[in-house]
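Below is one structure, written out as structure tokens; comments come after it.
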Amino acid sequence: MSQPSALSTNGLSRRKFMAGTVSAAAAAPLLTSTARAEAPTATQPTLRQPVVTSLRINKQAYELSLDTRTSLLDALRDHIGLTGTKKGCDHGQCGACTVLVDGKRVLSCLSFAVMNDGKDVTTIEGLASTDGKLHPMQQAFIDHDAFQCGYCTPGQIVSAIGCVNEGHADSENDIRDYMSGNICRCAAYPNIVAAILQARGETRGA
């Protein structure tokens with residue numbers, strides 16, 4: 001007579017044992033998913049937190065708390081109040097927003113303010129001397145009536161100074177070529193070229 005197996009002695013048949021194992025295996029992913037869902041999620045850092053940006057604008061230091069997406073143009077106009085720099089196309093195509101950054105021309109609508117941390121920015125407001133005397137390029141634009149509506153004029157003047165200091169004002173053709181990024185919808189281009197020719201000698205290095 002065969003001896004009863006340990007399973008049957010404990011009241012558990014082989015069939016019941018196998019059925020219980022399969023059920024446990026099937027339930028395991030559900031238990032894992034539940035546990036994973038109940039696990040506390042890590043706190044995500046807040047996106048787009050303001051960043052303190054130090055700018056030196058027209059020889060004056062500013063510390064601004066800015067969204068990293070803030071353009072240099074918007075920082076100048078909306079956060080500092082220097083509205084001489086104009087917002088034209090806001091796509092870098094018209095040149096109305098031109099400023100000088102460390103002496104070089106920059107389209108401020110295409111440059112993030114945080115990219116210019118610690119740099120020297122010059123806008124149209126910073127060209128005249130403290131006693132009110134106009135920059136030679138500003139005076140030349142007046143002398144040659146190199147504007148009509150005036151909206152593009154701040155960018156034209158700042159770009160003209162950069163053009164001269166970058167060594168691109170040796171001839172009328174050079175001036176036309178290197179000033180072509182500044183659009184004048186009033187078409188004062190001949191007078192703008194004449195103004196740059198007048199002021200280039202006094203502007204170099206100024």
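Bear in mind these aren't lab numbers, they're just calculated from the coordinates by the rules spelled out. Just so it is clear, the structure is predicted and the values come from calculations on it, not from any experiment. Note that we place each Cβ from the backbone using ideal geometry, even for glycine, and neighbour counts take in every protein chain shown.
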Checklist outcome for this item: Expected sort for THR122, THR130, THR85 with the fewest Cβ neighbours (10 Å cutoff) up front is THR130, THR122, THR85
Checklist entry - Extent of the range 136-203 along each principal axis, from alpha carbon coordinates, in Å, largest to smallest? => result 28, 22, 17
Item to check | Alpha-carbon Rg with Dmax, taken over the range 60-168, Å | outcome: 13.7, 42
Next on the checklist: Between GLU202 and ARG69, what is the label-point separation in nm under the 7 Å Cα-to-beta-carbon projection?
Outcome noted: 4.5
Checklist entry - Given +1 on the Cβ of Lys and Arg, -1 on the Cβ of Asp and Glu, and no further charges, what dipole in debye does the range 136-203 carry about its Cα centre, rounded to the nearest 20? => result 220
Item to check | Of the trypsin sites (Lys or Arg not before Pro) in the range 67-136, those whose Cβ has at most 11 other Cβ within 10 Å and which sit in DSSP loop | outcome: ARG69, LYS133
Item to check | Amide hydrogen neighbours beyond the local backbone of SER71, cut-off 5 Å, H modeled | outcome: ALA113
